[in-house]
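The values are calculated or read from the model by the stated rules, or taken from the named source; none is laboratory data. Predicted model only: the values in this text are computed from it and were never measured. Here the Cβ positions follow ideal geometry from the backbone for every residue, glycine too, while neighbour counts run over all protein chains shown. Surface accessibility is based on the protein's heavy atoms, side chains included, excluding ligands, DNA and RNA. Shrake-Rupley method; radii C 1.70, N 1.55, O 1.52, S 1.80 Å.
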Amino acid sequence: QLLRAFRTTTGIPPYAWLAQYRVTARRLLDTGLRPAEVATLVGFADQAHLTRWFRRVLGVTPAAYRNSVQDRR
(Lines give C-alpha, C1' and ligand atoms only; values in the text may rest on other atoms or scores of the structure.)
Protein backbone atom coordinates (compact mmCIF):
# COMPACT_ATOMS: atom_id res chain seq x y z
CA GLN A 1 0.00 0.00 0.00
CA LEU A 2 2.81 2.38 0.84
CA LEU A 3 4.49 1.87 -2.54
CA ARG A 4 1.21 2.42 -4.37
CA ALA A 5 0.47 5.57 -2.38
CA PHE A 6 3.97 6.91 -2.99
CA ARG A 7 3.71 6.27 -6.71
CA THR A 8 0.24 7.83 -6.87
CA THR A 9 1.45 10.93 -5.05
CA THR A 10 4.78 11.47 -6.80
CA GLY A 11 4.17 9.73 -10.11
CA ILE A 12 7.29 7.58 -9.76
CA PRO A 13 8.35 4.68 -7.55
CA PRO A 14 10.42 5.38 -4.41
CA TYR A 15 13.70 4.09 -5.87
CA ALA A 16 13.40 6.31 -8.94
CA TRP A 17 12.58 9.28 -6.69
CA LEU A 18 15.66 8.56 -4.58
CA ALA A 19 17.87 8.34 -7.65
CA GLN A 20 16.53 11.64 -8.96
CA TYR A 21 17.12 13.19 -5.57
CA ARG A 22 20.69 11.93 -5.61
CA VAL A 23 21.24 13.34 -9.08
CA THR A 24 20.59 16.75 -7.60
CA ALA A 25 24.19 16.24 -6.58
CA ARG A 26 24.93 18.46 -9.53
CA ARG A 27 25.32 21.21 -6.93
CA LEU A 28 28.37 19.32 -5.68
CA LEU A 29 29.70 19.14 -9.23
CA ASP A 30 29.22 22.91 -9.44
CA THR A 31 31.76 23.27 -6.64
CA GLY A 32 34.39 21.41 -8.69
CA LEU A 33 34.31 18.00 -7.04
CA ARG A 34 35.09 15.02 -9.27
CA PRO A 35 32.18 12.74 -10.23
CA ALA A 36 33.72 9.80 -8.32
CA GLU A 37 33.79 11.88 -5.14
CA VAL A 38 30.23 13.07 -5.64
CA ALA A 39 28.99 9.51 -6.23
CA THR A 40 30.17 8.36 -2.83
CA LEU A 41 28.94 11.51 -1.08
CA VAL A 42 25.37 11.14 -2.32
CA GLY A 43 25.14 7.38 -1.82
CA PHE A 44 25.66 5.78 -5.21
CA ALA A 45 27.64 2.54 -5.33
CA ASP A 46 30.25 3.97 -7.69
CA GLN A 47 30.82 6.57 -10.40
CA ALA A 48 29.26 4.38 -13.10
CA HIS A 49 26.04 4.14 -11.10
CA LEU A 50 25.95 7.94 -10.76
CA THR A 51 26.69 8.35 -14.46
CA ARG A 52 23.85 6.05 -15.53
CA TRP A 53 21.29 7.88 -13.42
CA PHE A 54 22.68 11.33 -14.17
CA ARG A 55 22.45 10.67 -17.90
CA ARG A 56 18.94 9.20 -17.55
CA VAL A 57 17.64 12.18 -15.55
CA LEU A 58 19.56 15.10 -17.05
CA GLY A 59 20.61 13.74 -20.45
CA VAL A 60 24.30 14.43 -19.95
CA THR A 61 27.16 12.76 -18.06
CA PRO A 62 28.38 14.21 -14.76
CA ALA A 63 31.78 15.07 -16.25
CA ALA A 64 30.18 16.89 -19.20
CA TYR A 65 27.91 18.77 -16.81
CA ARG A 66 30.85 19.77 -14.60
CA ASN A 67 32.86 20.92 -17.62
CA SER A 68 29.97 23.03 -18.91
CA VAL A 69 29.58 24.66 -15.50
CA GLN A 70 33.29 25.43 -15.32
CA ASP A 71 33.22 26.87 -18.87
CA ARG A 72 30.52 29.33 -17.80
CA ARG A 73 32.70 30.74 -15.04
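General observations
- Alpha carbon Rg of the chain, scaled by the compact-globule rule 2.2 N^0.38 Å: 1.21
- Take the chain with all the other protein chains still there, run a 1.4 Å probe, and you get 68 Å² of accessible area per residue.
- Residue-wise HN-Hα coupling along the range 51-67, computed from phi with Karplus coefficients 6.51, -1.76, 1.60 (Hz; x: Gly, Pro): 4, 4, 6, 4, 5, 5, 7, 9, x, 8, 6, x, 5, 5, 4, 4, 5
- Taking the 1.4 Å solvent-accessible surface of the chain as the whole, the part contributed by carbon and sulfur is 54%.
- What you get for the chain, charging only the Cβ of Lys and Arg (+1) and of Asp and Glu (-1), is a dipole of about 180 debye around the Cα centre.
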